[in-house]
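To start, the structure itself, in structure tokens.
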Amino acid sequence: MLNKENVTEVLKDVIYFPKGDNIVALNMVENLMVNENGVRFDLIVEHADDPKNDILVNAAKRTLTGVFGEIHIDIKVKEEETALAKVKHIIAVASGKGGVGKSTVAANLAIALARANQRVGLVDADIYGPSVPMMFGVEDEQPACFEKDGKTVMLPIEKFGIKLLSIGFFVDTDRPLIWRGPMATSALNQLMNDTLWGELDWLVVDMPPGTGDIQLTMAQQYKVTGAVIVTTPQRVAFADVLRAAMMFREEALQIPIYGLVENMAYFTPSDMPEKKYYIFGKETGQQFADQLNVPLLGQIPITEQIAECGDNGTPLALNADSPVTKAFDEIAHSILNSRF
């Protein structure tokens, strides 16, 4: 008999293989209407332009007609309203190795974008080494959690006009996280999807170093607008930079690269800001960028204040008079004027 209960049972035979369950259990069927004229419902998907949607729609139609015969079936594909639905751009800040100041770049880039009148969020996805809480001076705070539509959601902490979320808010940062890959990616997905981000122009994601599970999950499951790769001037760093760049250029990922940021490019004494001492080598950042065929977005100097400000919870890009601020403002300007 053609009725709502029977149609629901039949649709349980339609499997959405990327998530390994049927479309009813995955809450992908909404507004189901059944009458003598046929069946009508909305199919809720992650991305409306995904070609796999057509396969799923056809599978649902075949399953229904196989049981109920030649009935009228109207299936409307709708994109689900996710936590990131009102986030315009996601930018990944990545590096091939640790210790290059990637988190410092991510934090100060977020500040620079906010200085440019952008609405900005910052996700600390460096699951094994979260540092954003310390850099923003919010180590002792915890995001508020509450129930919404039967699901626990988080409200990001706001500081300096930036919406912040980090795994560091939920774990003891003095103890190492001994997690396998699936646990780490699950934590990333919770930070991204179970948070009320609201309307943002930019969500900056501080990635872990390397090319592991977190990077792959970020690239495959989220609409990343582009990536910024951080390096230091030493030539020995280029092999790691190359791996990071090649990951984003893999055919299965195809994420544009905004460009390269050369951190620790030179030393500038605070009492002589016009002086530049290239202690790790000169012009290697530009050479790296040329070899990767990407722009050199900026060169971040070593100053006495940059580490102090990060440790004190006040990113140096807040100081309008610092040469570091000028460098990050130029990087933000380049990104805002990129057209991917």
**Message:** Give me the residue from segment 313-326 that is touching a helix residue (DSSP H, G or I) at 6+ places or on another chain (Cβ under 9 Å) and not in a loop (DSSP other than H, G, I, E, B) and, out of that set, surrounded by the most Cβ atoms within 10 Å (Cβ to Cβ).
**Reply:** A317
**Request:** Count, please, the residues in segment 294-312 that happen to be surrounded by 14 or more Cβ atoms within 10 Å (Cβ to Cβ) and assigned to a helix (DSSP H, G or I).
**Result:** 4
**Prompt:** How many residues does segment 81-126 contain that are of a type in the set (K, R) and surrounded by 24 or more Cβ atoms within 10 Å (Cβ to Cβ)?
**Reply:** 1
**Asked** Restricting attention to segment 278-288, does a residue exist that is in the same structural domain as A92 (by TED's automatic domain parsing) and crowded, with 20+ Cβ neighbours inside 10 Å?
**Response** yes
**Top-ranked residue of segment 138-154 - restricted to ones that are outside any strand (DSSP E or B) and in contact with a strand residue (DSSP E or B) (Cβ under 7 Å, 6 or more places away or on another chain), ranked as modelled with the highest pLDDT** = V138
**Prompt:** If a residue has to be out of contact with any strand residue (DSSP E or B) (no Cβ under 8 Å at 6 or more places or on another chain), over 20 Å from T325 (Cβ atoms) and not small (G, A, S) to count, how many in segment 248-289 make the cut?
**Reply:** 6
**Fill in**
The residue from G66, G20 that alone is farther than 22 Å from T217 by Cβ, out of contact with any strand residue (DSSP E or B) (no Cβ under 8 Å at 6 or more places or on another chain) and not acidic (D, E) is G66
**Request:** Of all residues in segment 70-118, count the ones that are of a type in the set (A, V, I, L, M) and under 18 Å from A227 (Cβ atoms).
**Result:** 15
**Request:** Among what's in segment 250-287 and is at pLDDT 85 or above and more than 30 Å from E304 (Cβ to Cβ), pick the residue that is nearest to the chain's Cα centre (by Cα).
**Result:** I255
**Single residue of segment 185-216 satisfying the filter (modelled with pLDDT of 85 or more and among the β-branched types (V, I, T)) that is farthest from the chain's Cα centre (by Cα)** = T195
**Request:** With respect to F17, determine if the residue is more than 30 Å from I229 (Cβ to Cβ), loosely packed, with under 15 Cβ neighbours inside 10 Å, out of contact with any Lys or Arg (no Cβ under 7 Å at 6 or more places or on another chain) and modelled with pLDDT under 95.
**Result:** yes
**Prompt:** Given the structure, is Q291 part of a helix (DSSP H, G or I), within 26 Å of V224 (Cβ to Cβ) and more than 23 Å from the chain's Cα centre (by Cα)?
**Reply:** yes
**Prompt:** How many residues does segment 47-86 contain that are in contact (Cβ under 8 Å) with a residue 40 or more places away in the chain and touching an Asp or Glu at 6+ places or on another chain (Cβ under 8 Å)?
**Reply:** 6
**Prompt:** Scanning for something in the same structural domain as N263 (by TED's automatic domain parsing) and within 23 Å of A219 (Cα to Cα), does segment 131-147 turn up at least one residue?
**Reply:** yes
**Item:** Residues within segment 260-277 that are small (G, A, S) and surrounded by fewer than 20 Cβ atoms within 10 Å (Cβ to Cβ), tallied
**Value:** 1
**Fill in**
Taking segment 1-45 and keeping only residues that are in contact (Cβ under 8 Å) with a residue 60 or more places away in the chain and acidic (D, E), one is left with none
**Asked** Do you know which residues across segment 144-158 are surrounded by 12 or more Cβ atoms within 10 Å (Cβ to Cβ) and either touching a residue at least 40 places away in the same chain (Cβ under 8 Å) or touching a Cys at 6+ places or on another chain (Cβ under 9 Å) (or both)?
**Response** V153, M154, L155, P156
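The values are calculated or read from the model by the stated rules, or taken from the named source; none is laboratory data. Bear in mind that the values here come from a model prediction, so they are computed numbers and not experimental data. Cβ coordinates were reconstructed from backbone atoms using ideal geometry, including for glycine residues, and neighbour counts include every protein chain displayed.
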